[in-house]
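Engineer: Once you've had a glance at the structure underneath, I'll fire off some questions.
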Amino acid sequence: MSRQPNLAKIIIVDLFSVGKVPLMLLICIFASAMGVVLTTHMSRQAITQKDSAFVEREQLDNEWRNLMLEETALSEHSRVQFMAKKELEMKRPDSDKEVVISLK
């Protein structure tokens, strides 16, 4: 009875005994491919973070513009004067009750 040789065992023994250079090249190619995959993944994550930061920046810019418009509207002189008369019941003093203080 002739026994058939185990092909996988022959290939592994051949790689470790004779084929050290091709094995090292295969390992280097695999490491390089994994590096490319990792770098691509990290760059895509960075691009996604950058895009979300730009969207957040635009939202904050819009909110800041709206707040500036609101501040301008709320601090308008005629509105302040109206609110002082209506809510605080303030009135302008008569000219004879005005006191002018001059500082030296």
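Engineer: Which one of Leu74, Leu60 is touching a helix residue (DSSP H, G or I) at 6+ places or on another chain (Cβ under 9 Å), surrounded by 10 or more Cβ atoms within 10 Å (Cβ to Cβ) and either of a type in the set (Gly, Ala, Ser) or on the phi < 0 side of the Ramachandran plot (or both)?
Structural biologist: Residue meeting the stated conditions: Leu74.
Engineer: Regarding Phe30, is this residue at pLDDT below 95 and of a type outside the set (D, E, K, R)?
Structural biologist: No: the conditions fail for Phe30.
Engineer: Now a separate question. I need a count of the residues in region 1-42 that are of a type outside the set (Val, Ile, Thr) and within 45 Å of the chain's Cα centre (by Cα).
Structural biologist: 15
The values are calculated or read from the model by the stated rules, or taken from the named source; none is laboratory data. These numbers come from a predicted model, not from an experiment. Don't worry about glycine lacking a Cβ; one is built from the backbone with ideal geometry, like all the others, and counts go over all protein chains shown.
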